[in-house]
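First up is the structure itself, then whatever we jot down about it.
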Amino acid sequence: MIIKTSYTIEEAKRKLEHYCAYQERCHKEVVSKLRELQMIPQAIDVILVHLLDHNFLNETRFAETFARGKFRVKKWGKRRIENELKLRQISAYNIKKGLAQISENDYFETFDLLALKRLEAITETNKYKKRKKLADYLLYRGWDSSMVYNKVKELIP
């Protein structure tokens, strides 16, 4: 027998404050969590306003943190980061602010290192298949196609 717990608005507020304090969250994640807690739409609105007023929820801060983290840790390119933020329904303004967190020097340096590291890992002997594997890998990670194709031609002449 499954027992479903119901929460008062105050209990849900506290629970979501902790949820947002633990890690940056976007509005979509918070609304999803509230629906998971079976809150009614009016309660969701009240709790969202509370979280926004008390600075537990801030989409600009989320976009900036997300962009920095995915770039530094997962070595994602700007296209992938932008698409992931769009998937989370972040505004174009906040996406732009998030991507601004990545310095151009770091961006190109990381791209070069990632391309070289991946090239070393590819065991393919056919030049064209090797090029394709490297290009596919970098494109999947969200790097600009013009950068990718120029780098592939440079590394595998």
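Please work out if residue 101 is exposed (fewer than 14 other Cβ atoms within 10 Å of the Cβ), in contact with a Lys or Arg (Cβ under 6 Å, 6 or more places away or on another chain) and in a loop (DSSP other than H, G, I, E, B).
Working: exposed (fewer than 14 other Cβ atoms within 10 Å of the Cβ): no; in contact with a Lys or Arg (Cβ under 6 Å, 6 or more places away or on another chain): yes; in a loop (DSSP other than H, G, I, E, B): yes.
When the stated conditions are applied, residue 101 does not pass them.
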Report whether or not residue 10 is at pLDDT 85 or above and surrounded by fewer than 11 Cβ atoms within 10 Å (Cβ to Cβ). yes
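Taking only the stretch 109-145 into account, find how many residues are part of a loop (DSSP other than H, G, I, E, B) and over 18 Å from residue 157 (Cα atoms). It would help to see each step written out before you state the result.
In the first step, residues of the stretch 109-145 are kept if they are part of a loop (DSSP other than H, G, I, E, B); the result is 122-126, 141-144.
So of that shortlist, the ones also over 18 Å from residue 157 (Cα atoms) come out as 141-144.
Residues in the stretch 109-145 being part of a loop (DSSP other than H, G, I, E, B) and over 18 Å from residue 157 (Cα atoms): 4 in total.
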Is there any pair linking a residue in the stretch 22-33 that is without any contact (Cβ under 8 Å) to a residue 60 or more places away in the chain to one that is among the β-branched types (Val, Ile, Thr) and surrounded by fewer than 18 Cβ atoms within 10 Å (Cβ to Cβ), with Cβ under 6 Å and at least six apart or on different chains, and which? 24/65
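Give the residues of the stretch 136-157 that are of a type outside the set (Val, Ile, Thr) and closer than 30 Å to residue 62 by Cα, sorted by residue number. If you could, list the steps in order and put the result at the bottom.
Start the filter on the stretch 136-157 by keeping residues that are of a type outside the set (Val, Ile, Thr), which leaves 136-147, 149-151, 153-155, 157.
Answer for the stretch 136-157, where residues must be of a type outside the set (Val, Ile, Thr) and closer than 30 Å to residue 62 by Cα: 136, 137, 138, 139, 140, 141, 142, 143, 144, 145, 146, 147.
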In the stretch 1-54, which residues are within 20 Å of residue 94 (Cβ to Cβ) and not in a helix (DSSP H, G or I)? 23, 24, 25, 26, 54
Condition set of a type in the set (Asp, Glu) and within 13 Å of residue 141 (Cα to Cα), scope the stretch 72-111, selection farthest from the chain's Cα centre (by Cα): answer is 82
Here the qualifying pairs (Cβ atoms under 6 Å; residues six or more apart or on different chains; first in the stretch 62-83 and farther than 14 Å from residue 111 by Cβ; second of a type in the set (S, T, N, Q) and assigned to a helix (DSSP H, G or I)) come out as 63/94
What about residue 70, is it touching a Phe, Trp or Tyr at 6+ places or on another chain (Cβ under 6 Å), crowded, with 16+ Cβ neighbours inside 10 Å and either at pLDDT below 95 or not in a helix (DSSP H, G or I) (or both)? yes
Selection count, the stretch 108-121, where residues are within 13 Å of residue 72 (Cα to Cα) and surrounded by fewer than 17 Cβ atoms within 10 Å (Cβ to Cβ): 3
First in the stretch 95-123 and more than 13 Å from residue 148 (Cα to Cα), second anywhere and part of a helix (DSSP H, G or I) and aromatic (Phe, Trp, Tyr), Cβ under 7 Å, 6 or more apart: 98/66; 102/71
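The values are calculated or read from the model by the stated rules, or taken from the named source; none is laboratory data. Every value quoted in this text rests on a predicted model; they were computed, and no experiment measured them. With ideal geometry, Cβ positions are generated from the backbone for all residues, glycine too; neighbour counts draw on all protein chains shown.
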